[in-house]
Amino acid sequence: ILLGFSYSQLSNYNEAIKYLTKTVEIEPKDVNALSALGYAYSEIGKTEDAIKYINRAITLAPDNVDLLGTLGLIYDGIEDWERCDSVYNLALKLDSSNALVLNNFAYSYSKRSINLDVALNMITRALEKEPANSSYLDTMGWIYYKLENFGKAKEYIEKSLEIGGEKSVILDHLGDVLYKMGDKDKAKEIWEKALELDKSNSVLKEKIKKGEI
């Protein structure tokens, strides 16, 4: 299991899966091994396997909010919104102040442009616990973007970049905000910078090509 964890830390998920699978064969009720195995599968895009092992872990530890949060994130990634919302709501029922779940659920709502007032409340509570978390600051900014409060959106997203450094998705968000604020040249410049950090991003390529969202 330690070898599996080590490979996972090095982002060598295929090797991690090999050793974590052996661990689970020997200790089928090891929650940590099941969780790590599910996470490794999710990182290589094998979602069905990820869900299977995370669910096995949850069966053994039904009150584990971290596991529920991980499962919610996986469902979010495949846009299974019904299960995503159900799992996040269960996690918050167990721990209503869990900052990571609050952030991830809020961001999920913002991506869908639904329940934005609820999302704003959730991310506000998350930031009360971790005010210098760059991901949470970006989520707040993106919710304000969806609420068309572009001044607030810019404020929070720029603070996120200041604290956490340049990341493609956050630069992309800033570019969208600047575009909506009418600074299209600066928006394109920021999108180009975001693309440098994620060269395979087809959505960014299209925005840069058209010069618009």
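The values are calculated or read from the model by the stated rules, or taken from the named source; none is laboratory data. These figures come from a predicted structure and were not determined experimentally. With ideal geometry, Cβ positions are generated from the backbone for all residues, glycine too; neighbour counts draw on all protein chains shown. Ligands, DNA and RNA are stripped out before the accessible areas are found, and what is left, the full protein with its side chains, is counted by its heavy atoms. Shrake-Rupley method; radii C 1.70, N 1.55, O 1.52, S 1.80 Å.
At 0.36 nm per residue, minus the direct Cα-Cα distance, what do Glu196 and Ile26 gain on full extension? Give it in nm, one decimal, please.
The Glu196-Ile26 span can extend by a further 56.8 nm.
Calculate the spin-label point distance for Ser96 paired with Asp80, positioning each point 7 Å from the Cα along the beta-carbon direction, and give it in nanometres.
With each label point 7 Å from Cα toward Cβ, the separation is 2.9 nm.
Report the calculated FRET efficiency for Asp183 and Arg112 (r = Cβ-Cβ distance, R0 = 22 Å), to the nearest 0.05.
0.25
State the Cα centre-to-centre distance between segment 129-204 and segment 1-61 in whole Å.
The two parts, judged by their Cα centres, are 33 Å apart.
Which whole-Hz couplings ³J(HN,Hα) result when phi for each residue of segment 89-100 is put into the Karplus expression 6.51 cos²θ - 1.76 cosθ + 1.60, θ = phi - 60°, listed in order with x for Gly and Pro?
Once θ is set to phi - 60°, the couplings for segment 89-100 become 5, 5, 4, 6, 5, 7, 8, 5, 10, 5, 4, 5 Hz.
Counting only protein heavy atoms and a 1.4 Å probe, tell me what percentage of the chain's accessible area is made up of carbon and sulfur.
47 percent
As an exercise, use a Förster radius of 45 Å and the Cβ-Cβ distance of Leu2 and Lys210 to find the FRET efficiency, rounded to the nearest 0.05.
FRET efficiency, Leu2 to Lys210: 0.35.
With only Lys, Arg, Asp and Glu charged, each at its Cβ (+1 for the first two, -1 for the last two), find how big the charge dipole of segment 10-71 is about the Cα centre; round to the nearest 20 debye.
Its charge dipole is roughly 120 debye.
I'd like to check one number: the per residue accessible area of segment 104-213, probe 1.4 Å, reported in Å² as a whole number.
52 Å²
Based solely on C-alpha atoms, express the radius of gyration and the Dmax of the chain in angstrom.
18.8, 60
How big is the dipole moment of the chain about its Cα centre under a simple scheme where the beta carbon of each Lys and Arg is +1, that of each Asp and Glu is -1, and everything else is neutral? Debye, nearest 20, please.
Approximately 280 debye in magnitude.
Out of every Cα pair in segment 103-173, what percent are spaced more than 14 Å from each other?
Looking at segment 103-173, the distances longer than 14 Å represent 51 percent of pairs.
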